[in-house]
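Notes to accompany the following structure.
The values are calculated or read from the model by the stated rules, or taken from the named source; none is laboratory data. Bear in mind the structure is a predicted one, so any value in this text is a computation, not a measurement. Every residue, glycine as well, gets a Cβ built from its backbone with ideal geometry; the counts of neighbours run over all protein chains shown.
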Amino acid sequence: MTLRDQTKGNRLSLFAKHAAKYHTVGASGVLVNLGLLFYLTEYVGLWYFLSYTFAISASITSNFILNKFWTFRDSIDSQRTIVMYVKFVSVSLFGMAIQLCSVYVFVESLGIYYMLAALISICIAGGINFIINRRWTFGVRF
């Protein structure tokens, strides 16, 4: 293995490490998201779409904190936290739009139970958010 190959391997290893941690954080966000969605819909009586909007919003901040201080802590550029948070929220709003549109289509057009529709929509947006956040928000370079 050449030095160049070893460097490629290290970058791939770091990418895999970040992906695993990011998706672990995402799993905790899913619990926050779905738990709040269910509570607000079933116990507070809000329309699932409004509940989902609140649930996604709550999980955005918890995910940012965990990603900043655990997932990317060893690779973060010297950006200020507020700058990273604004970037993270911007990316998350894009993901939120994907989630809200897809959950609405799944529930209203396909008749899928709102909780399952939310889980599917989270999976769709999660991969897109990882790639954008890793590079742009947290400044991880290849």
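Quick one: would you say residue 69 is free of Cβ contacts under 8 Å to residues at least 40 places away in the same chain, of a type outside the set (Gly, Ala, Ser) and under 19 Å from residue 17 (Cβ atoms)? Against the criterion (free of Cβ contacts under 8 Å to residues at least 40 places away in the same chain, of a type outside the set (Gly, Ala, Ser) and under 19 Å from residue 17 (Cβ atoms)), residue 69 qualifies.
How about region 60-83: which of its residues are surrounded by fewer than 15 Cβ atoms within 10 Å (Cβ to Cβ) and of a type in the set (Phe, Trp, Tyr)? Answer for region 60-83, where residues must be surrounded by fewer than 15 Cβ atoms within 10 Å (Cβ to Cβ) and of a type in the set (Phe, Trp, Tyr): 69, 70.
Of the helices (runs of 4 or more DSSP H) lying entirely inside region 38-142, those carrying at least 1 residues that are at pLDDT below 90 and among the charged types (D, E, K, R) are 81-104.
In region 84-97 there is at least one residue matching the filter, namely being surrounded by 17 or more Cβ atoms within 10 Å (Cβ to Cβ), touching a residue at least 40 places away in the same chain (Cβ under 8 Å) and over 24 Å from residue 17 (Cβ atoms). Taken as a whole, region 46-59 holds at least one residue that is over 17 Å from residue 24 (Cβ atoms) and loosely packed, with under 14 Cβ neighbours inside 10 Å. If you go through region 11-25 and pick out every residue that is of a type in the set (A, V, I, L, M) and either at positive phi or free of Cβ contacts under 8 Å to residues at least 24 places away in the same chain (or both), you end up with 3.
The residues in region 107-135 that are of a type in the set (Phe, Trp, Tyr) and surrounded by 13 or more Cβ atoms within 10 Å (Cβ to Cβ) can be counted, and the count is 2. Checking residue 28 against (1) without any contact (Cβ under 8 Å) to a residue 12 or more places away in the chain; (2) closer than 23 Å to residue 120 by Cα; (3) exposed (fewer than 15 other Cβ atoms within 10 Å of the Cβ); (4) of a type outside the set (Phe, Trp, Tyr): exactly one of these is not met. Which one? It is condition (1) that residue 28 fails. Once region 1-25 is narrowed to residues that are surrounded by 13 or more Cβ atoms within 10 Å (Cβ to Cβ) and of a type in the set (A, V, I, L, M, F, W, C), the residue that is modelled with the highest pLDDT is 25.
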